[in-house]
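Here's the structure, in structure tokens; my notes come after.
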Amino acid sequence: MRYLLRRLAAALPVLVGISFIAFTLSVVSPGNPAVEALSLSGIREPTEQEIAAKRQELGLDDPLLVQYASWLFRAVQGDLGTSYMTKESVSEELLRRLPVTMSVSAVAVLLAVVTGIPLGTLMAFNKDGLLDSAGRIAALAFISVPGFLLAILLIALFSEKLHWLPTSGYGTWKHLILPAVVLASGTSAVLMRLTRAAVLEALHQSYILTARAKGLRETKIAVIHALRNALIPLVTVVGSYFGAILGGSVIVEVIFAVPGIGRFAMDGIYRRDYPVIQGYVVFTGLVYIAFNLLVDLSYLIIHPQMRLGGKLQ
């Protein structure tokens with residue numbers, strides 16, 4: 001519990017900093033939120049009086065720090081404001097769309113794990129062989145190819161030419177495949193290379209030599225000894241990437257018309273819906289911090305002997 005409280009205390013300033021930057025950038029960005037709000041309400045050419053009244057209604061006449069303090073006070077209570085577009089609560093919209101983004105992100109991370117870690121382990125046990133060389137080339141290619149380009153290529157092949165998968169939308173398991181593959185491609189390549197390096201380092205340890213001297217099979221050595229002791233960096237990457245994928249799926253959701261929080265944020269950016277942008281940044285920042293905290297806690301399960309200042313880390 002002491003460790004958990006220490007981590008939470010360290011994460012709190014980060015979250016406050018994220019919220020302040022998001023709020024400040026939205027306020028100082030070009031455009032007048034009052035005009036945008038009136039425009040979204042159907043008033044295309046508002047008068048000065050209407051603009052002034054809307055600014056007062058939105059609290060835009062107050063000093064920046066006063067606006068931020070008022071917004072932060074409501075945000076701590078779960079109120080991230082009201083969308084100019086939908087007139088709905090931003091918090092409710094994000095929570096309603098979160099399962100969609102979570103489903104795509106979960107499938108993407110699962111694909112990355114089941115492809116990257118086993119292939120990286122095989123590459124390590126076949127160092128400088130054909131499989132190792134092919135795997136390194138493939139990993140470099142997937143890391144280098146931009147996600148939007150890969151998405152377009154997959155749509156052209158599997159949707160337009162082969163007609164196996166839908167081009168866009170959400171509702172069935174088929175709609176998850178292409179977005180998840182695009183999100184998982186870079187992560188899988190990173191996991192592949194990291195697993196290879198971690199397992200190769202583990203193979204040079206004395207306990208591997210002892211295991212081989214006992215006559216254990218290479219499969220058991222790979223899974224029980226080498227891979228298990230290489231899990232710390234792998235868990236770190238998987239946890240961090242899950243948070244990053246959850247918050248960085250905007251482009252994929254736009255390309256595949258997935259109604260998740262990324263698509264919601266992009267619509268808010270197009271229409272300068274500042275409460276949506278601020279809420280999205282803070283929400284994804286909170287999710288990212290939460291997943292990093294879970295990664296830190298998982299270290300105690302994987303390696304209970306880890307210590308910080310003589311106590312559990």
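Quick notes
- Only one of the numbered conditions (1) farther than 18 Å from VAL281 by Cα; (2) of a type in the set (A, V, I, L, M, F, W, C); (3) assigned to a helix (DSSP H, G or I); (4) modelled with pLDDT under 75 is not met by VAL27, and that is (1).
- As a summary of the residue check, LEU111 satisfies the conditions (1) under 30 Å from ARG217 (Cβ atoms); (2) open to solvent by less than 40 Å² (accessible area, probe 1.4 Å) except for the one numbered (2).
- Candidates ALA257, ALA290, filtered to the one that is modelled with pLDDT of 80 or more, of a type in the set (Gly, Ala, Ser) and outside any helix (DSSP H, G or I): ALA257
Condition check ((1) open to solvent by 50 Å² or more (accessible area, probe 1.4 Å); (2) under 25 Å from the mean Cα position of the chain (by Cα); (3) at negative phi) across all residues:
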residue: TYR3; (1), (2), (3): no, yes, yes
residue: SER19; (1), (2), (3): no, yes, yes
residue: ALA34; (1), (2), (3): no, no, yes
residue: GLU48; (1), (2), (3): yes, no, yes
residue: GLN56; (1), (2), (3): yes, no, yes
residue: ARG97; (1), (2), (3): no, yes, yes
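- Some residue of the range 58-68 being under 30 Å from SER298 (Cβ atoms), surrounded by 14 or more Cβ atoms within 10 Å (Cβ to Cβ), among the aromatic types (Phe, Trp, Tyr) and within 32 Å of the chain's Cα centre (by Cα): no
- Test: ARG136 is open to solvent by 60 Å² or more (accessible area, probe 1.4 Å) and outside any loop (DSSP other than H, G, I, E, B): yes
- GLN77 satisfies every condition listed in (1) crowded, with 18+ Cβ neighbours inside 10 Å; (2) under 18 Å from GLY279 (Cβ atoms) except (1).
- Pair list, Cβ < 6 Å and 6+ apart or interchain, from the range 153-173 residues that are within 17 Å of VAL252 (Cα to Cα) and open to solvent by less than 50 Å² (accessible area, probe 1.4 Å) to residues that are in a loop (DSSP other than H, G, I, E, B) and not hydroxyl-bearing (Ser, Thr, Tyr): SER159/LEU165; GLY169/ALA257
- GLU201, sole failed condition from (1) open to solvent by less than 50 Å² (accessible area, probe 1.4 Å); (2) among the acidic types (Asp, Glu); (3) without any contact (Cβ under 8 Å) to a residue 40 or more places away in the chain: (1)
- Within the range 265-305, the set of residues being farther than 19 Å from LEU95 by Cβ and under 15 Å from the mean Cα position of the chain (by Cα) comprises ASN292, LEU293, LEU294, VAL295.
- Residue list for the range 180-210, restricted to those being touching a helix residue (DSSP H, G or I) at 6+ places or on another chain (Cβ under 7 Å), farther than 13 Å from THR121 by Cα and modelled with pLDDT under 75: TYR207, ILE208
The values are calculated or read from the model by the stated rules, or taken from the named source; none is laboratory data. All of these numbers come straight from a predicted model, not from anything done at the bench. When we count neighbours, we look across all protein chains shown, and the Cβ atoms used for this are built from the backbone with ideal geometry, even at glycine. The protein model used for the area step is the full one, side chains on, heavy atoms only, and it has no ligands, DNA or RNA in it. Shrake-Rupley method; radii C 1.70, N 1.55, O 1.52, S 1.80 Å.
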